[in-house]
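One structure is given here, and the rest of the page talks about it.
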Amino acid sequence: MGRRLIIDCDPGVDDAVMLLLACAARDALDIAGITTVAGNVGAALTARNACIVRGIAAREDIPVFAGCTRPLRRAPVEAGHFHGESGLGDLPISAPRHGPEPRHAVDFIVATLLAAAPASVTLVATGPLTNVATALAREPVIRRGLREIALMGGARSEGGNITASSEYNIHADPDAAQAVFGSGCTVVAFGLDATHQVRATPARVDAVRAVGSRAALAAAELLEFSNALPANGPRAQGAPLHDPCPIVWLLRPEAFRFRPCHVDVETASPLTLGHTAVEFRAAPQRPQNVLWAVAADGDAVFDVLTASLAQDSRRP
Ligand code: RIB
Ligand code: CA
């Protein structure tokens, strides 16, 4: 039995690549459910997109649950300019064979963690943290079932990607992010400091495409969409690949290096809203409950992605 997971996401092009990887790693990862949240695109689209990607991965055994439609306090901030109008780049879009479950994502997260053995479930979060914060606020005892929260979000040395000082997932719902970092849960954070070291170079995309399966061809097309965006820099350099990083960590932890720290989130300043104040200096008033990824091995990340898709493509 693999590592028990809940995946909370906002598909989104790189969330979709993350889901294709997670679905392919079926021996190592036991995905209890995929929960979706408003983020890159609206909540109805992120739920639909998760169902579409689940279908491409031939994993309709994994339930999808639609979640919060807006941040805790702030007005929604979408990122369609990075993900296309559909949220899945220029992937052909058709209605998924099976849609999301009727149950709300937060209800699923709470129920799953209440029923879980202590420290047995990893929650991977690759979008705004609205669902996660809402679940923790509704039922704080669910922390008992959590092994850790492995999230993509934040920035320290790299600066921001949605404003000069904040990364999108944290900026989109800073109040939720502050609640999660301050929850006392162990958080493994993959911010831009690490994900900017993981680049979808043309050679790496070609290797993914060469796997030849439906999931691999979709992953390559999604990566190519990001590479073609001028905002992501020169194509030869490759766009940064953010959301697969927490999943790669579960499969090959040595691909990353971390430092323990305390993280606070700016929730008030209009100038620096969503900034992650990553403090490596220990102090009694600053519990070091966060592992902050400071280095990532891009070759290893793409090796895990390509090998996982290839292995899954050979299944009968
Ligand atoms: O800053 C990168 C993050 O914002 C990724 O999760 C991407 O999908 C967007 O949501
Ligand atoms: Ca995302």
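The values are calculated or read from the model by the stated rules, or taken from the named source; none is laboratory data. Computed from a predicted model, the values in this text were never measured in an experiment. Virtual Cβ from ideal backbone geometry, glycine too; neighbours counted across all protein chains shown.
Would you mind stating whether R48 is among the basic types (K, R) and within 16 Å of ligand 2 (Cβ to nearest atom)?
yes
Of (1) part of a loop (DSSP other than H, G, I, E, B); (2) in contact (Cβ under 8 Å) with a residue 40 or more places away in the chain; (3) buried (at least 19 other Cβ atoms within 10 Å of the Cβ), G238 satisfies all except one. Which?
So the condition that G238 fails would be (2).
Conditions: (1) within 21 Å of A218 (Cβ to Cβ); (2) touching a helix residue (DSSP H, G or I) at 6+ places or on another chain (Cβ under 7 Å); (3) modelled with pLDDT under 95. E85 meets all but one. Number of the miss?
For E85, the exception is condition (2).
Output the strands (runs of 3 or more DSSP E) that fall wholly within region 1-66 and possess 2 or more residues being within 16 Å of ligand 1 (Cβ to nearest atom) and touching a Pro at 6+ places or on another chain (Cβ under 8 Å), or say none. Explain how you work it out, then say what you get.
Working: elements: 3-9, 29-36, 64-66.
It comes to 29-36.
I'm told R73 meets every condition in (1) out of contact with any Asp or Glu (no Cβ under 6 Å at 6 or more places or on another chain); (2) in contact (Cβ under 8 Å) with a residue 60 or more places away in the chain except one. Can you identify the failing condition by its number?
Looking at each condition in turn, R73 falls short on (1).
Scan region 147-155 and give yes if some residue there is crowded, with 21+ Cβ neighbours inside 10 Å and not hydrophobic (A, V, I, L, M, F, W, C), otherwise no. Let's see the steps before the verdict.
If we filter region 147-155 for residues that are crowded, with 21+ Cβ neighbours inside 10 Å, which is where we start, we get 149-155.
Next, only the ones that are not hydrophobic (A, V, I, L, M, F, W, C) stay: 153-154.
Yes, the conditions are met somewhere in region 147-155.
Looking at region 112-131, which of its residues are exposed (fewer than 15 other Cβ atoms within 10 Å of the Cβ) and either within 16 Å of ligand 1 (Cβ to nearest atom) or free of Cβ contacts under 8 Å to residues at least 40 places away in the same chain (or both)?
Listed by number, the residues that qualify are L114, A115, A117, P118, A119.
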